[in-house]
Amino acid sequence: AERHRAAERERLVNLYEQAPGVIAMLEGPEHVFVLSNKAHRELLGGRDVIGMTIREGQPELEGQGTYELLDRVYATGQPYRNASMPLMLPGPDGVLEEHLLDLVMQPVFDAEGRTIGIFSQATDVTERARTEMRLRESEARFRALVDAVPSIVWFARPDGGLAYLNDRWYEYTGQAEEESLPDGWRSAVHPSDLPRTDADWAEAIRTGTPYR
């Protein structure tokens, strides 16, 4: 039975070691590291923290609220989750850099229901978040540029429903955005022109030919 438990623990440790996410297990009210997988060590610049308390192993977290979060999870037995949580962590050269983590702190209980540790799992979403921020900034600049154009400009999805209309459309028709998208723009077309407009638009969407 002891050999079986040891083998099972080794299997779990190997699984955690190979996991792509950041995984750490801390025990006791001082939050001593008993498990730190490869992704966690890489996030810490290769630092081995096994046997250290969180304050010893990750002193850079001082003043960032992480110690207090762990204390609260341990004291209350309530898990903690945060998406894109900013933390200053050491980079390859040891200089602190801001990382954004999707973080989960899950309390671990003994047979009597008492908290004995915290299982921590995180995903570093820094690059994804930065890419999304650059896309938002790029879209904002694009919209500002297109809204400055004196002509009506629109973009449609592959199915033909409109995804965007610039400010000139709303000024010209008096419609609001929620009235125009994706197909409400049709109500601004004169009824006698609508059948041909619909037919030409449908043909352009079907064949990929220019719509004029």
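Quick notes on this structure:
- Conditions (1) touching a residue at least 40 places away in the same chain (Cβ under 8 Å); (2) closer than 30 Å to THR131 by Cα; number of the one not met by VAL95: (1)
- From the options ASP71, ASP102, ASP48, residue that is charged (D, E, K, R) and crowded, with 17+ Cβ neighbours inside 10 Å: ASP102
- Check on ALA140, of a type in the set (A, V, I, L, M), under 30 Å from MET88 (Cα atoms) and surrounded by 11 or more Cβ atoms within 10 Å (Cβ to Cβ): no
- Of all residues in region 118-130 being open to solvent by less than 60 Å² (accessible area, probe 1.4 Å) and outside any strand (DSSP E or B), the one that is modelled with the highest pLDDT: VAL125
- Residue check for PHE109: closer than 27 Å to ARG11 by Cα and open to solvent by 60 Å² or more (accessible area, probe 1.4 Å): yes
- Of all residues in region 30-45 being open to solvent by less than 70 Å² (accessible area, probe 1.4 Å) and assigned to a loop (DSSP other than H, G, I, E, B), the one that is modelled with the highest pLDDT: HIS31
- Residue satisfying all of: in region 74-99; open to solvent by less than 80 Å² (accessible area, probe 1.4 Å) and either assigned to a loop (DSSP other than H, G, I, E, B) or of a type in the set (S, T, N, Q) (or both); nearest to ALA24 (Cα to Cα) among these: PRO79
- When region 152-195 is limited to residues that are among the hydroxyl-bearing types (Ser, Thr, Tyr) and surrounded by fewer than 14 Cβ atoms within 10 Å (Cβ to Cβ), the one that is farthest from the chain's Cα centre (by Cα) turns out to be SER192.
- Residue match in region 8-23 (condition: at pLDDT 90 or above and not in a loop (DSSP other than H, G, I, E, B)): yes
The values are calculated or read from the model by the stated rules, or taken from the named source; none is laboratory data. Source: prediction; values computed, not measured. As a convention, Cβ positions derive from the backbone with ideal geometry for all residues, glycine included, and neighbour counts pool all protein chains shown. SASA here: full protein model, heavy atoms, side chains in, ligands and nucleic acids out. Shrake-Rupley method; radii C 1.70, N 1.55, O 1.52, S 1.80 Å.
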